[in-house]
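To start, the structure itself, in C-alpha cells.
The values are calculated or read from the model by the stated rules, or taken from the named source; none is laboratory data. The shown structure was predicted, so the numbers you read here are calculated from the model rather than taken from an experiment. Cβ coordinates were reconstructed from backbone atoms using ideal geometry, including for glycine residues, and neighbour counts include every protein chain displayed. When the accessible area is computed, the model is the full protein with side chains, heavy atoms only, and any ligands, DNA or RNA have been set aside. Shrake-Rupley method; radii C 1.70, N 1.55, O 1.52, S 1.80 Å.
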Amino acid sequence: QVQLVESGGGLVQAGGSLRLSCAASGRTFSNYGMGWFRQAPGKEREFVARIKRSGWSIGRTYYADPVKGRFTISRDNAKNTVYLQMNSLKPEDTAVYYCAADVGDVGAYDYWGQGTQVTVSP
C-alpha cells in the first residue's frame, strides 16, 4: 500500500503563508495523481487541489474556487513529495489538511494521509 505523511501545518496570521508537504512511499509515485483536501470542525471534507501524474510533461493542476489564485500544488517526483503552497491565508482556511493518492490518476483517491492542522488567526 501507499503511505502518506503530511507535514508543515501550524499557526499563521491572516495574510500569511504556509507550505505543506506530503511524503509518499512507492517507486511508482510519478504515476500517481495527487490531491489535497481539508476538513474544518463541523464541516465535511472538501477538495482543495489536484495535480495529475507526471510523464513527459508537467502534470496539470486543478483548484477549488475558494483557493484559486492563492494556493499552488506542485510535486517533486525525485523526492516522492507533493506540496501545497498557501498564500494570503484567511481564517476560513483553518482546517486539517490531508493529502491523497490517486493511483489510477482518474480522480478517485485510494490512499490518505493522517492530516496536518492549519490554523489561521484573524
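If you average 1/r across every pair of different Cα atoms in the range 1-73 and take the reciprocal, what Kirkwood value do you get, in Å?
Taking the inverse mean of 1/r over all distinct Cα pairs, the range 1-73 comes out at 14.0 Å.
If the reach is capped at under 15 angstrom between alpha carbons, list the aspartates and glutamates near Lys90, excluding any in the same chain fewer than eight residues apart.
Those aspartates and glutamates meeting the cut-off are Asp65.
Please compute the net charge surrounding Val2, taking Lys and Arg as +1 and Asp and Glu as -1 over other residues with Cβ under 12 Å from its Cβ.
-1
Please calculate how many Å² of accessible area the range 65-122 carries per residue, with a 1.4 Å probe and no DNA, RNA or ligand atoms counted.
Per residue, the range 65-122 has 47 Å² of solvent-accessible surface.
On a full-extension model of 0.36 nm per residue, what is the gain between Asp110 and Arg27, subtracting their alpha-carbon distance, rounded to one decimal in nm?
Between Asp110 and Arg27, full extension yields 28.3 nm more.
Could you tally the net charge around Pro66, taking each other residue with its Cβ under 15 Å from the Cβ of Pro66, Lys/Arg +1 and Asp/Glu -1?
Around Pro66, the charge tally is +2.
Using a probe of 1.4 angstrom, how much of the accessible area of the chain is carbon and sulfur, in percent?
Exposed carbon and sulfur together represent 48 percent of the surface.
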